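Readers should treat all values here as calculations from the given coordinates under stated rules, not as data from a laboratory. All values derive from a computational prediction rather than experimental measurement. Note: ideal-geometry Cβ built from the backbone for every residue, glycine included; neighbour counts use all protein chains shown.
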Amino acid sequence: MVFKLLFEYILIIWKLLVCCSIVSYKVNQKGAVKKESKLLLFQDKMPPKKKDELKQILPIYNADKAAPLFWKYQQYSLEDRQLFDAFFLNFQKELQIKMTDNIYTNMEFLCQSIGSKIHPLFKQVTLDEQIETKTLKQIDLEDQKKQLEAENIAKSSKNVKNQIQPQVDQKNQKKDDQKGNAVTSGKEDQKKGTKKDENIQQGGKDPKKLTELELQESEEEIKQEMLPYLLISTQRIDYLTMKMIIFQLPFTNINTLKLHNNMFDDETLELLISFFNSDVSQKIKKLFFEWNNLISSQKRTLFFQTVSKSIYIDNLILRCNSLQDEMTTIISQQLIPSTTAQSSNIKFLDLYDNQIGIQGFQQLGKMIYKNKSLTTLGLCKNGISNVSEIEQILISIGKYPMSEEQYQAYRNSEKERDQIIERNKKLKGKKLLEAEPVPELEAIEQITENKWAITRNNTLSMLNLSLNQLNDESVERFENFLQVVHDNFQVILSFNNFEQRSKERLKKKFNKKIAL
């Protein structure tokens, strides 16, 4: 009986405790909901976080500070340059969100933000304007056609009336006229292409050859003509203009930058150096830097070092920059693979007309011996008169069969090298400073069952030596050279001083390996 009463008493106490816990939980939940509601209400009234705010862009030039004339080159003071740098840094986020893949739209927006007028070279030509231009060309062609027909009719009438000219086979005359028209048209197209290449543009294919029967291009065809490159030719670029260009380049689809005869000052050149030293330049795969003589520039060496060691550029065209031996050596050193840094990725290197001498060619040869990325090297118009000047380049390419004695000597050197490596592995602590230098051995390759060959650079596939002064005395050396290079290799010797007999001899013997 006593146990029964005790059990009932414990059960009542347990129920009371459970009820109290439930009530306490509900009270806490209501308090939490009220607290959360108050917090949400408070947050609604709070201003947005600063990181989400966009500042109002304050222009550099206004009523108090007039913008310079936009069509003239400006030599800016240090104070002005610092002001431009601060503007782009302070409003970086506000400017970046307005950037598009269209360089003209970007430049227009940046000029408006800065308070300056856009240079005519960056003024965008609208699609309607392009179509209107093509329409006018078509009308002009039709007028020319009518005028030509009228002149032909007048000439025919005169000939019939006077009966002075002998009769001509009309079919042959028509063919000759067509040939003459074709030649004239080709020359005119070439002139148009040259003229177009002298203007700044995002890019476009050379105009299609205009004929008397050409129809207007559609809007879609005009759009498809646009190519992702930027050419600035025969225009001196000042600091602010270059600042705007490199700021928006990463947002565009431009992958080719052509800078032609721009007369850079050191401050503007430094902007380019900083650009190519950073990851924001990774979209630029092809750099044309031509007719930009930097001999008087203090930044000359640093610029060529920077672009040569770029891990993003794969085509580097440095024509007519008076590189000579000094800068050629600098460029060559940057193209030698490094064990401590990421190697350059340049595959196409053009050094046309740079007055390179024997020392420069020797450095290029040493680079080629170790470089495994370069596929094309252009050395046109560098005054090479004797093949001995480029001997270091030639011996750095190809496959050289080994005699039995050479092969055995190589294997002995290989054993000695391996022994040095094993001895160095046993060194510890301070004794590591006593490590022996490990000799480098050339790569070898088995060519037949019992024959081996030393292989030197089988990556390079084209060596362009056109427009030099090489003559018949070099024929034998080129024959020996072409015998050791791989089957897909080609050397271009066009417009040198070879006699016709020598050309035929080389062409017959090596066919596709040589161009004359």
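For the reader, a short list of remarks on this structure follows.
- Evaluated with a Cβ-only charge set (Lys, Arg +1; Asp, Glu -1), the range 238-283 carries a dipole of roughly 320 debye about its Cα centre, given to the nearest 20.
- Amide H contacts of residue 258 (H built 1.01 Å from N, under 5 Å, at least 5 apart or other chain): 230, 231, 232, 288
- Amide H contacts of residue 382 (H built 1.01 Å from N, in plane; Pro and chain starts excluded): 353 sit under 5 Å, all sequence-distant by 5 or more or on other chains.
- Each Lys and Arg contributes +1 and each Asp and Glu -1, all at the Cβ; summed about the Cα centre of the range 381-516, the dipole is approximately 420 debye.
- Counting neighbouring Cβ atoms within 10 Å and putting the fewest first, the residues 477, 501 line up as 501, 477.
- For the range 358-365, putting each phi into the Karplus relation 6.51 cos²θ - 1.76 cosθ + 1.60 with θ = phi - 60° gives couplings of 4, 4, x, 5, 5, 5, 5, x Hz, in residue order, rounded to whole numbers and with x for Gly and Pro.
- Rounded if a/c under 1.5, otherwise prolate or oblate - the range 78-119, Cα gyration tensor axes: oblate
- Rel. contact order, % - alpha carbon contacts under 8 angstrom, at least six apart, the range 358-516: 29 percent
- Between residue 405 and residue 324, the C-beta separation translates, for a Förster distance of 41 Å, into a calculated FRET efficiency of about 0.45.
- Amide hydrogen neighbours beyond the local backbone of residue 452, cut-off 5 Å, H modeled: 402, 447
- Extension gain from residue 89 to residue 422, taking 0.36 nm per residue of separation minus the Cα-Cα distance: 114.4 nm
- The HN-Hα couplings worked out from phi for the range 481-494 by the Karplus form 6.51 cos²θ - 1.76 cosθ + 1.60 (θ = phi - 60°) are 5, 5, 6, 9, 7, 6, 4, 8, 7, 9, 10, 9, 10, 5 Hz, whole numbers, x standing for Gly and Pro.
- Rounded to the nearest whole Hz, the Karplus-based 3J(HN,Hα) values (6.51 cos²θ - 1.76 cosθ + 1.60, θ = phi - 60°) of the range 503-516 follow the sequence 4, 5, 5, 5, 5, 5, 7, 10, 6, 6, 6, 9, 10, 10, with x at glycine and proline.
- Geometric descriptor of the range 295-422, per residue, is 134 Å³ (volume of the convex hull of the Cα atoms).
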